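What follows is a set of notes on a single structure, which appears directly below.
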Amino acid sequence: MGVFEILIAWFALSLTGALAPGPLTAAVVMQSSKHGRLHGILPMVGHAIVELGIIAAIILSVQAITLTPLTIDLLVGFGGIIIILFGFLALRDYRYREVIQKEEEPSKATTSSVIEATAHGAAVSILSPYFLIWWFGVGLANVTMLVGTLQLGVGTVFLAGVLIYVTHVSTDFLYGAVLTLGTDAASKKAKIGDINWVSVFIGVVQIALGVWFVILAAPGLFFAFS
């Protein structure tokens, strides 16, 4: 699989991760409601800062690993399994639950509110076990795949990390911008009847991509252990 295909798959995975309802989405909606729509993008800034540290840790871990074809297949296969599990978690919330929120007049933004909103996004990211598992399962697999594909020698791991980070963060800020500029409309889950079709779509896409990763890794693992 080429660099372009890996990044396309990673973009799709990152987008489904961003769209999944969770504490970061709640933070964006809350900050938008408290201080105005544009203020709500700040939790994504805090989130992106934390992810920069995560990517740095992944780069160091990949550099410490001898990237034999078997190692790459093991990491890609593990990442695929993690993606599939997250897909099933998304499908578990296939029913729509309506949330009634009290509307409040946004207060004026201040320096302290900017710091608070940014820290809010960082905190909900650091304290989420799903966030860490997702990154070290799925992120590690994608960095490893890029390293194996690029084959550029010195600096390959760093380049792969930059590509993974920029692609992923672009989906976070894209979703954050849509959500914070139209909090009332964008924060509501799409529904027909009582089915949450956003969660269904996210689950199906993640499972499909996870199965694809496992299929990619399977031949190498089969021949290595047969």
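Results, tabulated for the structure shown:
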{"quantity": "Residues whose placed amide H lies under 5 Å from that of residue 195, excluding near-sequence neighbours", "calculated": "96"}
{"quantity": "Residue-by-residue Karplus 3J(HN,Hα) for the range 47-58, coefficients 6.51, -1.76, 1.60, Hz, glycine and proline x", "calculated": "4, 5, 5, 4, 5, 4, x, 4, 4, 4, 5, 5"}
{"quantity": "Contour minus Cα-Cα distance for residue 71 and residue 26 (0.36 nm per residue)", "calculated": "12.4 nm"}
{"quantity": "Amide H partners (placed H, <5 Å) of residue 36, local residues excluded", "calculated": "107"}
{"quantity": "Potential extension, residue 110-residue 4 segment - 0.36 nm per residue separation minus Cα distance", "calculated": "34.0 nm"}
{"quantity": "Rounded FRET efficiency, nearest 0.05, which uses the C-beta distance separating residue 195 from residue 123 and R0 of 22 Å", "calculated": "0.10"}
{"quantity": "FRET efficiency estimate (nearest 0.05) - Cβ-Cβ, residue 224 to residue 56, R0 25 angstrom", "calculated": "0.25"}
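Values quoted throughout were computed directly from the atomic coordinates according to the rules given, and no laboratory measurement underlies them. Note that the structure is predicted; figures quoted are calculated from it, not measured. Here the Cβ is made from the backbone with ideal geometry for all residues, glycine too, and neighbour counts use every protein chain on show.
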